[in-house]
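Peer 1: Shown below is the structure under consideration.
The values are calculated or read from the model by the stated rules, or taken from the named source; none is laboratory data. Predicted model only: the values in this text are computed from it and were never measured. Here the Cβ is made from the backbone with ideal geometry for all residues, glycine too, and neighbour counts use every protein chain on show. Please note that ligands, DNA and RNA were not included when accessible areas were found on the heavy atoms of the full protein model with its side chains. Shrake-Rupley method; radii C 1.70, N 1.55, O 1.52, S 1.80 Å.
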Amino acid sequence: MKVLLLGKNGQVGWELQRSLATLGTVVALDRNVSNGLYGDLASGQSLRATIQQIAPDIIVNAAAYTAVDKAESDKDLALQINATAVAAIAEEASKLGCWFVHFSTDYVFDGEGDTPWQENDAVSPVNYYGTTKLMGEQAIAASGCKYLIFRTSWVYGVKGNNFAKTMLCLAADREELNVIADQIGAPTGADLIADVCAVAVRKALIDPSVAGVYHLAAGGFTSWHEYAQLVIDYGKSMALPMQVKVVNPISTSRFPTPARRPLNSRLNTEKLRQTFSIHLPEWRGGVTRMLKEVLEK
Ligand code: NDP
């Protein structure tokens with residue numbers, strides 16, 4: 001079994017290098033040329049040639065343009081990486097007859113209401129990043145390839161920057177923090193995503209009828225404010241030097257950003273759990289584990 005992993009150094013890509021290794025030989029690429037292989041999603045033709053050369057059984061794409069605010073002004077590149085390149089990969093997967101595993105986001109939804117989103121709910125992104133991710137999904141579905149798309153939310157990992165690490169830095173210097181309390185979702189570990197991905201791929205190889213879109217997020221829901229409070233409480237319990245005395249809950253309207261964020265990022269994960277017999281652990285356990293790893297380094 002040959003697996004081509006794109007975006008090997010992102011939060012999820014890094015964990016996939018580990019979890020996909022149990023499936024077979026993993027050719028893991030980042031945007032740099034490596035042994036004549038091209039994993040740069042900004043350069044379509046070279047990427048297509050690399051896919052044809054490797055002829056994998058499974059392509060897993062963890063590469064993405066993830067700078068949500070910057071995407072509003074850097075539209076061409078966001079579109080190229082999240083949609084145009086994804087369409088090219090899907091076409092190549094279709095020609096090869098191989099699986100294409102891809103990641104998407106709750107930002108394909110408009111964030112209205114408080115009901116967790118199901119896979120077939122109406123999509124309507126409120127920012128350009130979400131628009132490009134949706135275009136990527138649609139291109140995959142239209143390509144005719146065998147695919148798994150995992151929509152996830154609020155990703156964190158030991159590697160790379162994330163909200164929890166930012167909160168720890170801010171809490172070290174400031175006495176007061178303002179954190180958004182009206183966006184609700186589930187912080188989801190890159191390690192969990194990667195593990196679930198490997199389990200799902202294993203089943204898909206045996207039973208191709210499971211192909212489709214799935215929501216993948218840790219159990220439970222929270223706000224950025226509650227998440228920040230947990231991180232800071234943990235930091236204090238580890239006796240980290242911290243100036244912070246109060247974490248104020250604020251509304252999204254008090255924190256304007258170039259890209260609008262959906263308020264309701266809750267994902268209904270029942271389809272994933274039922275189809276692949278997977279238990280999704282509650283978000284707090286994974287966040288605490290990540291903090292422990294980061295802080296004990
Ligand atoms: P990261 O931002 O951690 O990683 C993205 C990776 O894509 C980076 O390694 C980056 O490379 C790579 N990349 C960017 N441009 C290119 C390019 N032109 N060619 C090749 N590689 C490129 O993202 P995550 O791991 O957090 O995200 C994984 C998936 O999950 C993505 O599809 C994302 O849209 C989705 N997702 C993420 C969420 C989040 O909160 N982060 C929430 C919901 C969904 P480099 O390191 O060189 O910049």
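Peer 1: Per-residue accessible area for Thr84 at 1.4 Å probe radius, Å² rounded to 10?
Peer 2: The accessible area comes out at roughly 70 Å².
Peer 1: Next question. Considering amide H positions built from the backbone, and no H for Pro or chain starts, which residues 5 or more places from Gln183, or on another chain, come under 5 Å of its amide H?
Peer 2: When sequence neighbours closer than 5 places are left aside, the close amide H contacts are Trp224.
Peer 1: Between Ser253 and Lys292, what is the spin-label point distance in nm, taking each point 7 Å from the Cα along the Cα→C-beta axis?
Peer 2: Taking the two extended label points, one gets 4.2 nm.
Peer 1: Right, another one. Checking the a/c ratio against 1.5 first, then a/b against b/c, what shape does the Cα gyration tensor give for segment 171-297?
Peer 2: On the way: a/c = 3.21, a/b = 1.71, b/c = 1.87.
Here segment 171-297 falls in the oblate category.
Peer 1: Using a basic spin-label model with each label point 7 Å from the Cα along Cα→Cβ, how many nm lie between Asn9 and Gln118?
Peer 2: In this crude spin-label approximation the distance works out to 4.2 nm.
Peer 1: Something else now. Just to verify a number: what accessible area does Lys70 come out at with the full protein assembly present, 1.4 Å probe, Å² rounded to tens?
Peer 2: 120
Peer 1: Can you tell me the length gained on complete extension of the stretch Ser277 to Arg18, counting 0.36 nm per residue apart and subtracting the Cα distance? Intermediate values should be presented prior to the final figure.
Peer 2: Values: separation 259, 0.36 × 259 = 93.24 nm, distance 2.13 nm.
Between Ser277 and Arg18, full extension yields 91.1 nm more.
Peer 1: Evaluate E = 1/(1 + (r/R0)^6) for Gln52 and Asp74, where r is the Cβ-Cβ distance and R0 equals 22 Å; express this FRET efficiency to the nearest 0.05.
Peer 2: Details: r = 29 Å, r/R0 = 1.33.
After rounding, the FRET efficiency stands at 0.15.
Peer 1: Another one. Can you compute the helix-only [θ] at 222 nm over the chain? Use -39500 (n - 2.57) per DSSP H run of at least 4 residues, normalise by all residues, nearest 500 deg cm²/dmol. Walk me through the numbers on the way to the answer.
Peer 2: Working: 10 runs with 115 residues, N = 297.
Helix contribution divided over all residues of the chain: -12000 deg cm²/dmol.
Peer 1: Could you calculate the FRET efficiency of Met1 with Val33 from 1/(1 + (r/R0)^6), where r is the beta carbon distance between them and R0 is 25 Å, rounded to 0.05? Could you put the intermediate results ahead of the total?
Peer 2: Working: r = 25 Å, r/R0 = 0.99.
Result of the calculation: an efficiency of 0.50.
Peer 1: Between Gln52, Leu5, Ala21, whose Cα lies farthest towards the positive end of the dipole of the chain when Lys and Arg beta carbons carry +1 and Asp and Glu beta carbons carry -1, centred on the Cα centre?
Peer 2: Ala21
Peer 1: How much of Thr269 can a 1.4 Å solvent probe reach, expressed as accessible area in Å² and rounded to 10?
Peer 2: About 20 Å², rounded to the nearest 10.
Peer 1: Report the Cα centroid-to-centroid distance between segment 88-164 and segment 18-52 in angstrom, as an integer.
Peer 2: Each part's Cα centre sits 20 Å from the other's.
Peer 1: Using a 1.4 Å probe over the heavy atoms of the protein chains, calculate the carbon and sulfur portion of the accessible area of segment 191-297 as a whole percent. Write out the running numbers ahead of the final one.
Peer 2: Values: 2940 of 5370 Å².
Here carbon and sulfur together make up 55 percent of the probe-accessible area.
Peer 1: Now for a separate question. Mind checking the per residue accessible area of segment 79-231 for me, 1.4 Å probe, whole number of Å²? Intermediate values should be presented prior to the final figure.
Peer 2: On the way: 5370 Å² over 153 residues.
Here the per-residue accessible area is 35 Å².
Peer 1: With a bin width of 10 angstrom, please list the P(r) values of segment 45-98 as percents of all Cα-Cα pairs, from the 0 bin to the one holding the largest distance.
Peer 2: That works out to 23, 47, 22, 7, in percent per bin.
Peer 1: With all protein chains present, how much of the accessible area of segment 105-149 (probe radius 1.4 Å) comes from carbon and sulfur, to the nearest whole percent? Display every interim value, and only then the final one.
Peer 2: On the way: 850 of 1830 Å².
On segment 105-149, the fraction of accessible area on carbon and sulfur atoms equals 46 percent.
Peer 1: Now a separate question. As I understand it, the dipole of segment 131-243 uses +1 on the Cβ of Lys and Arg and -1 on the Cβ of Asp and Glu, about the Cα centre. Which of Ala142, Gly160, Ala186 lies farthest toward its positive end?
Peer 2: Ala142
Peer 1: Checking the a/c ratio against 1.5 first, then a/b against b/c, what shape does the Cα gyration tensor give for the chain?
Peer 2: Values: a/c = 1.69, a/b = 1.60, b/c = 1.06.
Because a/c hits 1.5 or more and a/b exceeds b/c, the chain counts as prolate.
Peer 1: Say we join alpha carbon atoms closer than 10 Å with springs in a Gaussian network model of the chain; which of Ala62, Ala194, Ala49 then has the biggest fluctuation?
Peer 2: The residue that fluctuates most here is Ala49.
Peer 1: Sort out for me the Cα centre separation of segment 167-202 from segment 211-236, rounded to whole Å.
Peer 2: Result: 5 Å between the Cα centres.
Peer 1: Percent relative contact order of the chain, based on C-alpha pairs within less than 8 angstrom and at least six residues apart? Let's see the in-between values first.
Peer 2: Working: 582 pairs, mean separation 60.8, N = 297.
Answer for the chain is 20 percent.
Peer 1: Please give the length that would be gained between Ser237 and Asp173 if that part of the chain were fully extended, namely 0.36 nm times their separation in residues minus their C-alpha to C-alpha distance (nm, one decimal). Mind dumping the intermediate values first?
Peer 2: Details: separation 64, 0.36 × 64 = 23.04 nm, distance 1.72 nm.
Using 0.36 nm per residue and subtracting the Cα-Cα distance, I get 21.3 nm.
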